[in-house]
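The values are calculated or read from the model by the stated rules, or taken from the named source; none is laboratory data. Remember, it's a predicted structure, so these values are computed and weren't measured experimentally. Here the Cβ positions follow ideal geometry from the backbone for every residue, glycine too, while neighbour counts run over all protein chains shown. What goes into the accessible areas is simple: the full protein's heavy atoms, side chains included, and nothing from ligands, DNA or RNA. Shrake-Rupley method; radii C 1.70, N 1.55, O 1.52, S 1.80 Å.
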Amino acid sequence: MQNSLFGLLRSVLYVPASNQKVLKKAPHLDADCLILDLEDSVPEQQKENARALALETLNAVESKDILRTVRINALNSELWMDDVQAIFDGRPDALVVPKVDSIASLQKLFDLLTGLEANHPGGFTCSVWAMIESPLGVINAYTIAKHPRISLLVMGTSDLGAALGIAPTVERGGMAVALQQTVLAAKAAGVGVIDGVFVDLRDPQGFADQCRYGAALGFNGKTVIHPSQVLPANQLFLPSKAEIEHAKTVLHSWQKAYEQGEEICLVDGVLVERLHARRALEILKSVNEMVEVTDL
Ligand code: COA
Ligand code: MG
């Protein structure tokens, strides 16, 4: 539920960096994170202007209020090096790299970052988030996620759907394995994982259904494209009231059993072990519930 590296990442808002109006609005929308986009939402002739506006936004927005990341252009383009160099001084919380197929394809970026970091006053290390949005990327997701530079995977479901040749649907049955494999890769590597976008702004019910499904798969949050999607994502990636109450009951019952020398107990006829108590504790911590135990 909670990404231990960054705190909450329930809503991660894409903001085209060529659009001054949305850049001004974005920090005030209660999103947990912004992705200032230099890639697919920015026309070729506006790339340079977008870099300057992205840097201006990084400098204007306090990192403690909201995570500020920048999506650079793909590493097989002519654009990505200039992107990184133009925005690096804004100390982004992460660089989001699109269309990552393998860890080897990131080496040139890592080398560039190591050089820029060495010359940067104040000891800044730049996190890298990898977008998984191709069949090969999905297949290599674990080797990508476990590299020490990578701290999070972002699902790119529009590109992945196109590569698979399947129509976008609310249910996403055709990419269920890809979604699950990416979540498994991230969890096995101990990094965060964010679900792809829902592009039909006329269908808030479909958006909510996809958030619930993504949360049930284990995603930490959802990438969103419009202000109307921010609050629903924030709500749907937190545990519900019923889940919070259940977690309290599980933790309390297990603790009581433990104090009496037991490792297991029944809650409403369902077996509860230490691992369930631990999960209940995580849920309560994710919503800042006061609990007496701090570790299990
Ligand atoms: N971030 C911040 N503000 C946004 C926004 C975003 N992603 N999308 C829309 N807004 C603002 C608009 O500027 C508008 O502000 P206003 O009320 O002050 O005029 C308000 O929210 C309502 O927007 P609306 O008129 O409904 O939409 P639009 O036609 O301005 O924009 C999109 C629609 C799809 C072009 C826009 O939402 C967008 O660019 N989304 C991100 C797309 C993207 O980055 N894609 C790449 C990754 S998939
Ligand atoms: Mg994409």
*Please tell me if ASP101 is open to solvent by 10 Å² or more (accessible area, probe 1.4 Å), touching a residue at least 12 places away in the same chain (Cβ under 8 Å) and either within 16 Å of ligand 1 (Cβ to nearest atom) or not in a helix (DSSP H, G or I) (or both).*
yes
*Kindly check whether there is at least one residue in the stretch 136-154 that is open to solvent by 60 Å² or more (accessible area, probe 1.4 Å), within 17 Å of the chain's Cα centre (by Cα), among the basic types (Lys, Arg) and away from ligand 2 (no atom under 16 Å from the Cβ).*
yes
*Among the candidates LEU201, LEU238, LEU231, LEU164, single out the residue that is at pLDDT below 95 and either open to solvent by 10 Å² or more (accessible area, probe 1.4 Å) or not assigned by TED's automatic domain parsing to the domain that holds LYS25 (or both).*
LEU238
*Report, by residue number, each residue of the stretch 155-174 that is in contact with a strand residue (DSSP E or B) (Cβ under 8 Å, 6 or more places away or on another chain) and away from ligand 2 (no atom under 16 Å from the Cβ).*
none
*For ASP65, all conditions in the list (1) within 16 Å of ligand 2 (Cβ to nearest atom); (2) in contact with a Pro (Cβ under 8 Å, 6 or more places away or on another chain); (3) in a loop (DSSP other than H, G, I, E, B) hold save one; what is the number of the exception?*
(1)
*Out of ALA208, ALA176, ALA189, report the one residue that is more than 26 Å from PRO16 (Cβ to Cβ) and either surrounded by 17 or more Cβ atoms within 10 Å (Cβ to Cβ) or under 17 Å from the mean Cα position of the chain (by Cα) (or both).*
ALA189
*asked:* Looking for something aliphatic (A, V, I, L, M) and within 16 Å of ligand 1 (Cβ to nearest atom) - is there at least one such residue anywhere in the stretch 109-130?
replied: yes
_Selection status of ALA26, assigned to a loop (DSSP other than H, G, I, E, B), away from ligand 2 (no atom under 16 Å from the Cβ) and surrounded by 19 or more Cβ atoms within 10 Å (Cβ to Cβ)_ = no
*asked:* If I filter the stretch 104-119 for residues that are under 15 Å from the mean Cα position of the chain (by Cα) and assigned to a loop (DSSP other than H, G, I, E, B), do I get at least one hit?
replied: no
*Quick one: which of THR223, THR182 is within 14 Å of the chain's Cα centre (by Cα), part of a helix (DSSP H, G or I) and within 15 Å of ligand 2 (Cβ to nearest atom)?*
THR182
*Within the set of pairs 6 or more residues apart or between chains, which connect a residue that is outside the structural domain of ASP65 (by TED's automatic domain parsing) inside the stretch 34-50 to a residue that is away from ligand 2 (no atom under 16 Å from the Cβ) and assigned to a loop (DSSP other than H, G, I, E, B) with Cβ atoms less than 9 Å apart?*
none
*Kindly indicate the residue of the stretch 271-291 that is under 30 Å from LEU9 (Cβ atoms) and more than 28 Å from the chain's Cα centre (by Cα) and also least open to solvent (accessible area, probe 1.4 Å) among those meeting that condition.*
VAL272
*asked:* Just the residues that are under 22 Å from the mean Cα position of the chain (by Cα) and of a type in the set (Ser, Thr, Tyr), please, taken from the stretch 51-103.
replied: THR57, SER63, THR69, SER102
*Limited to the stretch 29-49, what total is found for residues that are assigned to a loop (DSSP other than H, G, I, E, B) and either more than 15 Å from ligand 2 (Cβ to nearest atom) or at pLDDT below 95 (or both)?*
5
_Residue list for the stretch 125-134, filter: over 26 Å from GLY165 (Cα atoms) and surrounded by 13 or more Cβ atoms within 10 Å (Cβ to Cβ)_ = CYS126, SER127, VAL128
_Looking at LEU251, LEU266, can you tell me which residue is more than 23 Å from SER11 (Cβ to Cβ), outside any helix (DSSP H, G or I), without any contact (Cβ under 8 Å) to a residue 60 or more places away in the chain and not basic (Lys, Arg)?_
LEU266
*Considering only the stretch 94-140, state which residues are touching a Ser or Thr at 6+ places or on another chain (Cβ under 7 Å) and among the hydroxyl-bearing types (Ser, Thr, Tyr).*
SER127
